[in-house]
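**Student:** Structure in structure tokens, see below.
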């Protein structure tokens with residue numbers, strides 16, 4: 001991670017540590033950088049740099065959109081506005097319509113006052129680290145001045161809602177069966193899914209119920225969506241729905257709720273889809289890619305089914321890198337970022353919900369039955385504020401205690417220490433057969449950190 005860009009773009013509080021000047025400079029750099037590499041093609045006969053821009057529903061997203069457009073066009077790039085749309089839709093448009101890059105303005109599941117700039121390369125993937133480093137050098141004034149475009153070289157802005165509509169058509173084409181007579185609840189988090197999700201499910205014949213679908217710029221993710229799943233749980237139970245799906249602010253993640261109102265998180269979705277894909281010969285390498293935060297119960301279920309798995313660092317960026325490197329086709333996170341690499345290059349919440357529907361319809365089984373095959377182990381995670389997170393984690397006494405806990409857990413649980421990427425925090429996580437055991441072992445490790453003088 002760099003000075004400005006983390007694993008999921010340049011994120012911060014709007015006009016505090018992510019300002020309109022930052023957005024303008026990012027636009028200036030991207031327009032210039034990709035403009036140097038543009039070549040004429042059938043899609044782009046003039047050989048001009050073309051950048052697709054989407055945004056979520058935060059009030060500040062409009063402000064950042066205009067700043068980015070000003071920077072891009074000043075550097076000679078043409079900006080194509082998808083307007084309010086999802087992160088995966090930007091990725092889809094970029095990779096299928098020969099854009100040089102894409103930008104999504106969103107802070108995902110964060111509160112409305114935060115925002116972010118996610119940059120997507122011409123293959124629809126998250127931007128390469130090398131280019132990110134160059135952007136940061138420009139932001140810090142290390143690259144000098146970038147020339148302004150002059151006369152007819154100044155860029156243009158184009159309304160490109162048609163790109164978003166093509167993405168909706170693509171999603172509809174993914175379905176293998178009609179959703180007729182299925183009662184489906186969708187929690188759109190007052191975010192990007194508000195402009196897409198209902199259209200897709202209605203077109204497929206579902207009896208669609210939509211929650212939190214009235215964004216006002218301030219209510220995105222507020223007591224709704226995938227981070228407040230209890231809203232959807234209650235609605236599904238009270239209205240007798242067959243299934244519910246909750247998205248986050250930019251709809252790149254999905255958490256499901258079964259017919260009984262029980263949560264089906266990303267781990268269970270990986271199991272349900274992985275097992276189904278294996279049964280139908282579609283699970284390449286017989287492998288599912290997970291992160292180190294996936295539940296121990298998921299691995300026990302995969303072992304039982306004879307499905308192999310990889311473990312990466314936390315972040316769908318790392319999941320996708322593994323999938324590309326080793327040719328795996330399914331991966332994701334407990335939080336609901338699920339990647340189906342045959343269809344997408346990023347997590348896609350709406351696509352994920354369609355894939356879950358496919359399994360339910362093809363196997364003629366309720367989601368609760370499908371999910372019941374995974375026994376989720378109790379988990380306790382505590383954040384410990386420390387003076388130096390590397391020293392705290394590497395301390396021999398701390399590591400010795402971790403090893404003791406690991407031996408006591410044996411094959412019936414696990415312990416994990418992980419440093420926060422943004423705070424002076426070490427996360428101590430234990431999964432075991434009971435919450436009492438989890439608490440006991442987490443507290444034992446934290447006590448050693450305190451005794452060694454690491455805790456603030």
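The values are calculated or read from the model by the stated rules, or taken from the named source; none is laboratory data. Quantities reported herein were computed from a predicted structural model and do not represent experimental measurements. FYI the Cβ positions are ideal-geometry reconstructions off the backbone, even for glycines, and counts take in every protein chain you see.
**Student:** If a residue counts only when it is assigned by TED's automatic domain parsing to the domain that holds residue 97 and over 27 Å from the mean Cα position of the chain (by Cα), which strands (runs of 3 or more DSSP E) contained entirely in segment 137-216 have at least 1 such residues?
**Tutor:** 157-159
**Student:** Can you tell which of 172, 146, 220 is under 16 Å from residue 57 (Cα atoms) and either touching a helix residue (DSSP H, G or I) at 6+ places or on another chain (Cβ under 8 Å) or modelled with pLDDT of 95 or more (or both)? I'd like the intermediate steps shown before the answer.
**Tutor:** Working: 172 fails: under 16 Å from residue 57 (Cα atoms); 146 fails: under 16 Å from residue 57 (Cα atoms).
Criteria check complete, one pass: 220.
**Student:** What's the number of the condition residue 79 fails, among (1) surrounded by fewer than 19 Cβ atoms within 10 Å (Cβ to Cβ); (2) within 18 Å of residue 161 (Cα to Cα)?
**Tutor:** Of the numbered conditions (1) surrounded by fewer than 19 Cβ atoms within 10 Å (Cβ to Cβ); (2) within 18 Å of residue 161 (Cα to Cα), the odd one out for residue 79 is (1).
**Student:** Another question, if that's okay. Looking at this structure, is residue 147 crowded, with 20+ Cβ neighbours inside 10 Å and touching a residue at least 60 places away in the same chain (Cβ under 8 Å)?
**Tutor:** Values: crowded, with 20+ Cβ neighbours inside 10 Å: no; touching a residue at least 60 places away in the same chain (Cβ under 8 Å): yes.
Answer is no for this residue.
**Student:** Looking for something over 30 Å from residue 77 (Cβ atoms) and without any contact (Cβ under 8 Å) to a residue 24 or more places away in the chain - is there at least one such residue anywhere in segment 164-185?
**Tutor:** Step one: of segment 164-185, the residues over 30 Å from residue 77 (Cβ atoms) are 172-185.
Of the ones still in play, those that are also without any contact (Cβ under 8 Å) to a residue 24 or more places away in the chain are 173.
Checking segment 164-185: at least one residue is over 30 Å from residue 77 (Cβ atoms) and without any contact (Cβ under 8 Å) to a residue 24 or more places away in the chain.
**Student:** Of these, 108, 41, 89, which one is under 25 Å from residue 170 (Cβ atoms), buried (at least 24 other Cβ atoms within 10 Å of the Cβ) and modelled with pLDDT under 95? Don't jump to the end; show me each part of the working.
**Tutor:** Values: 41 fails: buried (at least 24 other Cβ atoms within 10 Å of the Cβ); 89 fails: modelled with pLDDT under 95.
Only one candidate passes the filter, namely 108.
**Student:** Take the residues in segment 370-401 that are out of contact with any helix residue (DSSP H, G or I) (no Cβ under 9 Å at 6 or more places or on another chain) and assigned to a helix (DSSP H, G or I); name whichever of them is surrounded by the fewest Cβ atoms within 10 Å (Cβ to Cβ).
**Tutor:** Across segment 370-401, the extreme among qualifying residues is 396.
**Student:** Name the single residue that is surrounded by the fewest Cβ atoms within 10 Å (Cβ to Cβ) among those in segment 318-335 being at pLDDT 95 or above and part of a loop (DSSP other than H, G, I, E, B).
**Tutor:** That would be 327.
**Student:** Of the residues 339, 350, which single one is under 28 Å from residue 245 (Cβ atoms) and part of a strand (DSSP E or B)? First the steps, then the outcome.
**Tutor:** Working: 350 fails: part of a strand (DSSP E or B).
Exactly one of 339, 350 is under 28 Å from residue 245 (Cβ atoms) and part of a strand (DSSP E or B), namely 339.
**Student:** With the checklist (1) touching a strand residue (DSSP E or B) at 6+ places or on another chain (Cβ under 8 Å); (2) over 24 Å from residue 167 (Cβ atoms); (3) surrounded by fewer than 23 Cβ atoms within 10 Å (Cβ to Cβ); (4) at pLDDT 95 or above in hand, flag the one item residue 292 doesn't pass.
**Tutor:** Failing condition for residue 292: (4).
**Student:** Within segment 221-229, is even one residue closer than 19 Å to residue 200 by Cα, under 20 Å from the mean Cα position of the chain (by Cα), part of a loop (DSSP other than H, G, I, E, B) and assigned by TED's automatic domain parsing to the domain that holds residue 333?
**Tutor:** Looking through segment 221-229, none of the residues is closer than 19 Å to residue 200 by Cα, under 20 Å from the mean Cα position of the chain (by Cα), part of a loop (DSSP other than H, G, I, E, B) and assigned by TED's automatic domain parsing to the domain that holds residue 333.
**Student:** Moving on to the next point. Surrounded by 15 or more Cβ atoms within 10 Å (Cβ to Cβ), assigned by TED's automatic domain parsing to the domain that holds residue 289 and either within 30 Å of residue 284 (Cα to Cα) or in contact with a strand residue (DSSP E or B) (Cβ under 8 Å, 6 or more places away or on another chain) (or both), is that true of residue 416?
**Tutor:** Here the answer is no, as residue 416 does not meet what is asked.
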